[in-house]
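The values are calculated or read from the model by the stated rules, or taken from the named source; none is laboratory data. Just so you know, these numbers come straight off a predicted model, no measurement behind them. All Cβ positions, even for glycine, are placed from backbone atoms using ideal geometry, and neighbour counts span all protein chains on display.
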Amino acid sequence: MAVDVPGLVSVIVFYIFILVIGVWGSKKSKKVEKTCSGSKSEVSIVGGRNINVLVGIFTMTATWVGGGYIMGTAEAVYSPTQGLIWALGPPAYVISFLLGGLFFAKPMRSKRYVTMLDPFQLRYGNIFTAILLFPALVSDILWVACILAALGGTMNIILGLSSSLSIIISAAVSIIYTFLGGLYSVAYTDIIQLCFIFVSLWLCIPFLVLSPAVTAISQTPPLNQSHGGHTWLGELKLADSGKWLDEMLLLALGGLSYQALYQRILSAASSAQAQITCFAAAGTVFIMGIPSVVIGVAAASADWNQTEYGLPPPFERGDAGKILPLALQHLTTTWVSVIGIGSVAAAVMSSMDSALLSSASLFTQNIYKTTLRKKASERELQWVIQISVLLVGVAGTGLAFGNDSVLALWLVSGDLIYCVIFPQLVCVLYFHCANTYGAVSGFGIGLLLRGLSGEPLLGLPPMLLYPGWREENGIIIQYFPYRTLAMLFSMIGIVTVSWLINLIFCHKIVPQSWDVLGVFKEKNENKEEEVPSPEEPNCALNTKF
């Protein structure tokens, strides 16, 4: 395929513009460092806690509206085995932001945490916090891979540019400006990127809908009778409802366990402002998903035999994951498709920079600063953030090559977060009885159940077969909500084990010497203090591990 030179030049100009905005953001960050009372590393991580509401709404929305969101939604709507009812991204993220504003923004922001892992570090100590970093890091790397894979496929189809080269260039641009300016560079580039996504995608819609190859939506026939496909509306059978619920909760509740979300919540000037940012983002993220739905519908309604793509249609060729760029290329004019690819590029960078900064912040604040180098200088911490950004970017870029389904990577990236970190976060914020014994138990339960359930994308066969499982093309697919089951058992394990351990040690059922994790310590009876009530256990928590 020949390279579309005008289109390539347009994309390069866009990248240069974003890079300039990122550099400008880094200069803004330097100015804030001079006037902010907090440390320089906190300016990079939470922007000195003075990101205004409008910028906060833009950057929070842009973080979630990535390549996975745009292309994954279009893929779900187009696919004859799924349809609109399986396009879970928009409604799930609305739920996620609303719950975040109602239950998570205030307790996190009011205590002036710097990262999502701070409450764990305060209650459980450094070792368990380091353990929790692992699933968060893996999730961010998979997220980066997901959105870069989306962009690589898009540029290859529309511009004729090598997917590998597209991935490398896009990753390099995101890494550079995140490396330079931290949250300020990320936030200000997010504003430009989100505006471009909104305008460019909506601009493409009329051309898609009015394309001669696209039939009236009301007259859309089944896409693929041989595969039992339905129209773009899709169908939710009772036997599939467990899988549908599982994926909805994975996106909605799993989204509450990303450092990227709390990075924006904690950068707000107040708890009230953080809540407003979440509520507003719930509306904007839904609006940003509408163009992808329309593109999926148009692709499902198209007669591909009238286009250069021809027959068989994309689904039968295994190209459902690339349906958005294919629709832009074959159902619109050349210049419109180039604008469309710009929107995907913007979406990719707006999410990738957040994932890079997220992992870098967690490692620097909760591992390096508190465990490895407690006396590290601010300059040293800045270098650690920048090196971490680079390493996470390289790891995610390496995984982006050769994956066909953006939707699959999108879902897997949240698996560990949902099954392991979400129950931990709920318990550390709302269950005061939670201690290190319970946290370790819950972590092990969630990880074990999720691992035994298998993962087709990673080639892991299931060891536990839940009711309703099916074998499709030699691969076992679980239709039971196994992720949610792992999450619930993890949460139950945390609370139950914590309660039992509190009961055992506080009532001295076993000797204090058996407290191998050093969670409890007896009160000094010689100290003059208020006598506890009969219901209050005569011990104090020292949940450092």
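List the helices (runs of 4 or more DSSP H) that sit entirely inside segment 228-316 and contain at least 1 residues that are closer than 21 Å to D140 by Cα and modelled with pLDDT under 95.
On the way: elements: 241-254, 259-266, 271-301.
The qualifying helices (runs of 4 or more DSSP H) are 241-254, 259-266.
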By my count, helices (runs of 4 or more DSSP H) wholly in segment 33-117 with at least 2 residues that are basic (K, R) are 105-110
Check segment 363-385 and report whether any residue there is under 24 Å from G152 (Cα atoms) and either at pLDDT 90 or above or assigned to a helix (DSSP H, G or I) (or both). no
Please pick out the residue among L457, L503, L464 that is outside any helix (DSSP H, G or I) and not assigned by TED's automatic domain parsing to the domain that holds L142. L464
So which residues in segment 76-122 are over 25 Å from C427 (Cα atoms) and among the hydroxyl-bearing types (S, T, Y), if there are any at all? Y78, S79, T81
Being assigned to a helix (DSSP H, G or I) and crowded, with 18+ Cβ neighbours inside 10 Å is the filter here, so list the residues in segment 468-488 that pass it. Y482, R483, T484, L485, A486, M487
Please state which one of V43, V65 is crowded, with 19+ Cβ neighbours inside 10 Å, over 14 Å from I265 (Cβ atoms) and either outside the structural domain of L117 (by TED's automatic domain parsing) or touching a Cys at 6+ places or on another chain (Cβ under 7 Å) (or both). V43
Provide a single number: the residues in segment 285-317 that are surrounded by 19 or more Cβ atoms within 10 Å (Cβ to Cβ) and without any contact (Cβ under 8 Å) to a residue 40 or more places away in the chain. 1
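Those residues that are crowded, with 24+ Cβ neighbours inside 10 Å and not hydroxyl-bearing (S, T, Y), I need them from segment 256-282; list them, please. Break it down into steps so the answer makes sense when it comes.
Going through segment 256-282, the residues crowded, with 24+ Cβ neighbours inside 10 Å turn out to be 257-268, 274, 277-278, 281.
Answer for segment 256-282, where residues must be crowded, with 24+ Cβ neighbours inside 10 Å and not hydroxyl-bearing (S, T, Y): Q259, A260, L261, Q263, R264, I265, L266, A268, A274, C278, A281.
With within 29 Å of F17 (Cβ to Cβ) and not aromatic (F, W, Y) as the only criterion, which of P312, P291 stands out? Full working, then the answer.
Details: P312 fails: within 29 Å of F17 (Cβ to Cβ).
The match here is P291.
Rundown of residues vs (1) outside the structural domain of I205 (by TED's automatic domain parsing); (2) within 18 Å of the chain's Cα centre (by Cα); (3) buried (at least 24 other Cβ atoms within 10 Å of the Cβ); (4) not β-branched (V, I, T), yes/no style:
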residue: I12; (1), (2), (3), (4): no, no, no, no
residue: V32; (1), (2), (3), (4): no, no, no, no
residue: T35; (1), (2), (3), (4): no, no, no, no
residue: G72; (1), (2), (3), (4): no, yes, yes, yes
residue: P90; (1), (2), (3), (4): no, yes, no, yes
residue: M108; (1), (2), (3), (4): no, no, no, yes
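What are the residues in segment 154-171 that are among the aliphatic types (A, V, I, L, M), farther than 12 Å from L356 by Cβ and in a helix (DSSP H, G or I), if any? Steps first, answer last, please.
Restricting attention to segment 154-171, the residues satisfying the condition of being among the aliphatic types (A, V, I, L, M) are 155, 157-159, 161, 165, 167-169, 171.
Subset that is farther than 12 Å from L356 by Cβ: 155, 157-159, 161, 165, 167-169.
The answer is M155, I157, I158, L165, I167, I168, I169.
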Just give me the residues in segment 368-386 being surrounded by 15 or more Cβ atoms within 10 Å (Cβ to Cβ) and either hydroxyl-bearing (S, T, Y) or closer than 30 Å to G67 by Cα (or both), in sequence order. Y368, T370, Q382, V384, I385, Q386
Search result, residues across segment 159-189 that are farther than 17 Å from S351 by Cβ and surrounded by fewer than 22 Cβ atoms within 10 Å (Cβ to Cβ): G160, L161, S162, S163, S164, L165, I168, L180
Is there a residue being closer than 30 Å to A320 by Cα and not aliphatic (A, V, I, L, M) anywhere in segment 16-26? no
Which one of these is of a type in the set (S, T, Y) and more than 20 Å from S185 (Cα to Cα): T81, T61, T35? T81
Does segment 3-15 include one or more residues that are farther than 29 Å from G283 by Cβ and small (G, A, S)? yes
